[in-house]
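The values are calculated or read from the model by the stated rules, or taken from the named source; none is laboratory data. Just so you know, these numbers come straight off a predicted model, no measurement behind them. We place every Cβ from the backbone using ideal geometry, glycine too, and count neighbours over all the protein chains shown.
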2 protein chains.
Amino acid sequence: MPSEQLDVELEFGENGLIPAVAQDAETGNVLMLAYVSADALAKTRNTGLAHYYSRSRDELWKKGGSSGHVQRVEEIRVDCDGDALLYRIEQEGGACHTGYHSCFYRTLGGETVGEEVFDPDDVYE
Amino acid sequence: MPSEQLDVELEFGENGLIPAVAQDAETGNVLMLAYVSADALAKTRNTGLAHYYSRSRDELWKKGGSSGHVQRVEEIRVDCDGDALLYRIEQEGGACHTGYHSCFYRTLGGETVGEEVFDPDDVYE
């Protein structure tokens, strides 16, 4: 339950952010890595929908706010050091703005291994 | 293949590091999040064993160097922005120094959900 009491101390970085890995709770696929501020984490826990903090836009954002591809958070886990989070989620549509289910759709060698699940031209104006 | 040619451009952060998520390639479990320097990534690709860069100790380290709990890297993926890596690995023993298979063994509420796979007292002197 995302809104359960927070009993684990978190170590936010100097920039006030902590990395969060989003994982499909059913398939185990790792979908994306993004950053979370204390406010973004609170919003995530209060709404049950994943919120992050954009370092480039310098603002809190709701995943799927423009695309509709929201992430329903089933559970939030924290690592041993308290400096990383794992969002176990149910992904609406695809996690990646490129149209892939996961942002990790390529190998380092450039081979495409991910599944394309939507056409970005249909989703973003 | 970890040592295949690198055809994707990577965005290392200002500190010269890029976050890497280690995922059990067979079960899909997310085991840990750590940071990688260019040297650590090169060592990972050349040896097939996961190497990271410790921000607290300020040094490159081989996962399992003292515990024997190495990570054999089957594939390295990169995300859409090129600023995060996914190590798909086979984990010897447990990934977490606490004895759990995954560092993400707790929920934010403090509930233990991970599996304990070794006794740290037996592994670390």
Task: Single condition A:Phe118 does not satisfy, out of (1) farther than 23 Å from B:Ala25 by Cα; (2) out of contact with any strand residue (DSSP E or B) (no Cβ under 7 Å at 6 or more places or on another chain); (3) within 11 Å of another protein chain (Cβ to nearest Cβ) - done: (3)
Open item on the list: Residue pairs, Cβ under 8 Å, 6 or more apart or interchain, first in region A:103-124 and without any contact (Cβ under 8 Å) to a residue 40 or more places away in the chain and acidic (Asp, Glu), second in a loop (DSSP other than H, G, I, E, B) and surrounded by fewer than 22 Cβ atoms within 10 Å (Cβ to Cβ). List them.
Closed with: A:Glu115/A:His101; A:Glu116/A:Gly99; A:Glu116/A:His101; A:Asp119/A:Gly99
Task: Condition broken by B:Asp81, with the remaining ones in (1) among the charged types (D, E, K, R); (2) at the interface with chain A (Cβ under 9 Å from one of its Cβ atoms); (3) surrounded by fewer than 14 Cβ atoms within 10 Å (Cβ to Cβ); (4) touching a residue at least 12 places away in the same chain (Cβ under 8 Å) satisfied - done: (3)
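Out of region B:84-101, which residues are over 21 Å from B:Ala38 (Cβ atoms) and either free of Cβ contacts under 8 Å to residues at least 40 places away in the same chain or in a loop (DSSP other than H, G, I, E, B) (or both)?
Across region B:84-101, the qualifying residues are B:Glu92, B:Gly93, B:Gly94, B:Ala95, B:Cys96, B:His97, B:Thr98, B:Gly99, B:Tyr100, B:His101.
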Open item on the list: Given the criteria in contact (Cβ under 8 Å) with a residue 12 or more places away in the chain and facing chain B (nearest Cβ under 7 Å), does A:Val36 qualify?
Closed with: no
TODO: Within region A:82-89, identify whether any single residue is of a type in the set (Asp, Glu) and within 25 Å of B:Ala22 (Cα to Cα), and answer yes or no.
DONE: yes
- [ ] For A:Ala95, state whether it is touching a Cys at 6+ places or on another chain (Cβ under 9 Å), facing chain B (nearest Cβ under 10 Å), under 9 Å from A:Leu31 (Cβ atoms) and not polar (S, T, N, Q).
- [x] yes
- [ ] Read through the list (1) within 11 Å of chain B (Cβ to nearest Cβ); (2) assigned to a loop (DSSP other than H, G, I, E, B); (3) touching a residue at least 40 places away in the same chain (Cβ under 8 Å), then give the number of the only condition that A:His69 fails.
- [x] (1)
Task: Unique residue being within 20 Å of B:Arg77 (Cα to Cα), at pLDDT below 95 and either surrounded by fewer than 22 Cβ atoms within 10 Å (Cβ to Cβ) or facing chain B (nearest Cβ under 8 Å) (or both) when the list is A:Gly109, A:Gly28 - done: A:Gly109
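Per-residue answers, yes or no, for (1) at pLDDT below 95; (2) surrounded by fewer than 18 Cβ atoms within 10 Å (Cβ to Cβ):
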residue	(1), (2)
B:Asp24	no, no
B:Leu33	no, no
B:Ala38	no, yes
B:Arg45	no, no
B:Gly48	no, yes
B:Arg55	yes, yes
B:Asp58	no, yes
Task: Count of residues meeting criterion [among the basic types (Lys, Arg) and under 18 Å from B:Leu85 (Cα atoms)] in region A:70-111 - done: 1
